[in-house]
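Enquirer: Take this structure first; my questions come after.
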Amino acid sequence: MFTLKECTRKNLCIDCDNTQCYHAGQLIADCPKYYCDRKGILFEHCESCSFLKNYQEEMRKEYD
């Protein structure tokens, strides 16, 4: 069973340590895009996404 709640933590999903959260530790969950716009083998390969890396940097600064 799943329970949906709004996350109020001030951190990224990739940095989250909440064992109750389905998205904790998942880089893909931090992407603000509704659909991945990368093509071919790069589709949803978040570890190599420069957009997501820049987004993470900005959000970590905001959360500090």
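The values are calculated or read from the model by the stated rules, or taken from the named source; none is laboratory data. All values reported here derive from a predicted model rather than from experimental measurement. Cβ coordinates were reconstructed from backbone atoms using ideal geometry, including for glycine residues, and neighbour counts include every protein chain displayed.
Enquirer: Which members of the stretch 42-56 meet the condition of being surrounded by 10 or more Cβ atoms within 10 Å (Cβ to Cβ) and either without any contact (Cβ under 8 Å) to a residue 40 or more places away in the chain or over 12 Å from the mean Cα position of the chain (by Cα) (or both)?
Expert: 42, 43, 44, 45, 46, 48, 49, 51, 52, 53, 54, 55
Enquirer: Sticking with this one: Can you find a residue in the stretch 21-41 that is loosely packed, with under 13 Cβ neighbours inside 10 Å and assigned to a helix (DSSP H, G or I)? Give the steps one after another, and end with the answer.
Expert: Taking the stretch 21-41 first, the residues loosely packed, with under 13 Cβ neighbours inside 10 Å are 22, 32-35, 37, 39-41.
Filter once more, so that each one left must be assigned to a helix (DSSP H, G or I): 40-41.
Yes, because at least one residue in the stretch 21-41 is loosely packed, with under 13 Cβ neighbours inside 10 Å and assigned to a helix (DSSP H, G or I).
Enquirer: Go through (1) in a helix (DSSP H, G or I); (2) modelled with pLDDT of 95 or more for residue 62 and report which single condition fails.
Expert: Of the numbered conditions (1) in a helix (DSSP H, G or I); (2) modelled with pLDDT of 95 or more, the odd one out for residue 62 is (2).
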